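Data block below; observations after.
The values are calculated or read from the model by the stated rules, or taken from the named source; none is laboratory data. Owing to the predicted nature of the structure, the values given are computational and were not obtained by experimental measurement. Cβ placement follows ideal geometry from the backbone for every residue including glycine, while neighbour counts extend to all protein chains displayed.
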Amino acid sequence: MRVISGEHRGIKLHSVPGKNTRPTSDKIKESLFNIIGPYFSGGKVLDLFAGSGGLGIEAISRGMDYGIFTEKSNAAIKTINQNVQKIRAEDKIKVYRKDAFKALKRFADEKYVFKLILIDPPYHFKDVHKYIDEIMEGNLIEEDGLIVYEHDSKVPAPIHNNLEKVREAMYGTTAITIYKKH
């Protein structure tokens, strides 16, 4: 696993040890960022269920100003911190060890607003609509901001009235659904 493009291109990232975390493959990551970007001119990114932090780090490398990564696994937090140090972005990335839903409530209370929200929960996860509802109710995504949801291709992506599903791409057992706030 590596950073595909941008400021930190080519840097190899650590993966979370064990089988509980599934990193996004470089091929899927490259395709995803070619669809949504491929480069950004600032803004904040939220990497929910961050795992190793690979998706959020890719967004930072491609021009996001600041990132907030949430993860509840101790092993994943350790890996994220190693990867953040490896790209020397401690001043650009804040890592929270917190349940994703509780994190969203906190960010809403603190009036955070993101340009890009990456949601990559475990594939067995079924309730992503609750997280998307919380993002919308908490006003956590800016106008024309994007929400990227990576999921099992057999699991349909939720629909939300205030989000336009702009793209869905399939990569074997993985699907990427991209929403835009309107």
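I need a count of the residues in segment 108-161 that are touching a residue at least 60 places away in the same chain (Cβ under 8 Å), over 28 Å from residue 41 (Cα atoms) and not aromatic (Phe, Trp, Tyr).
Within segment 108-161, residues that are touching a residue at least 60 places away in the same chain (Cβ under 8 Å), over 28 Å from residue 41 (Cα atoms) and not aromatic (Phe, Trp, Tyr) number 1.
Pull up segment 157-179, narrow it to residues that are in a loop (DSSP other than H, G, I, E, B) and among the hydrophobic types (A, V, I, L, M, F, W, C), then point me to the one that is surrounded by the most Cβ atoms within 10 Å (Cβ to Cβ).
In this case the residue turns out to be 157.
Only one of these is basic (Lys, Arg), under 16 Å from residue 56 (Cα atoms) and out of contact with any Cys (no Cβ under 7 Å at 6 or more places or on another chain): 111, 181, 86, 105. Name it.
Checking each option against the conditions leaves just 86.
Every residue in segment 140-156 that is surrounded by 18 or more Cβ atoms within 10 Å (Cβ to Cβ) and either out of contact with any helix residue (DSSP H, G or I) (no Cβ under 9 Å at 6 or more places or on another chain) or closer than 17 Å to residue 100 by Cβ (or both), please.
The answer is 140, 141, 145, 147, 148, 149, 150, 151.
Considering only segment 140-156, state which residues are closer than 16 Å to residue 48 by Cα and part of a strand (DSSP E or B).
Listed by number, the residues that qualify are 141, 145, 146, 147, 148, 149, 150, 151.
Can you name the number of the only condition in (1) surrounded by fewer than 16 Cβ atoms within 10 Å (Cβ to Cβ); (2) under 17 Å from residue 47 (Cα atoms) that residue 182 fails?
Of the numbered conditions (1) surrounded by fewer than 16 Cβ atoms within 10 Å (Cβ to Cβ); (2) under 17 Å from residue 47 (Cα atoms), the odd one out for residue 182 is (2).
Taking the condition modelled with pLDDT of 90 or more, under 20 Å from residue 152 (Cα atoms), crowded, with 19+ Cβ neighbours inside 10 Å and not aromatic (Phe, Trp, Tyr), does residue 30 pass?
Criteria not met by residue 30.
Do we have residue 21 as within 22 Å of residue 177 (Cβ to Cβ), of a type outside the set (Lys, Arg) and surrounded by fewer than 22 Cβ atoms within 10 Å (Cβ to Cβ) here?
Yes: the conditions hold for residue 21.
Taking segment 96-139 as the search range and keeping residues that are in a loop (DSSP other than H, G, I, E, B) and hydroxyl-bearing (Ser, Thr, Tyr), which one is modelled with the lowest pLDDT?
123
Go through segment 74-106 and count every residue that is over 12 Å from residue 48 (Cα atoms) and of a type in the set (Ser, Thr, Tyr).
Within segment 74-106, residues that are over 12 Å from residue 48 (Cα atoms) and of a type in the set (Ser, Thr, Tyr) number 1.
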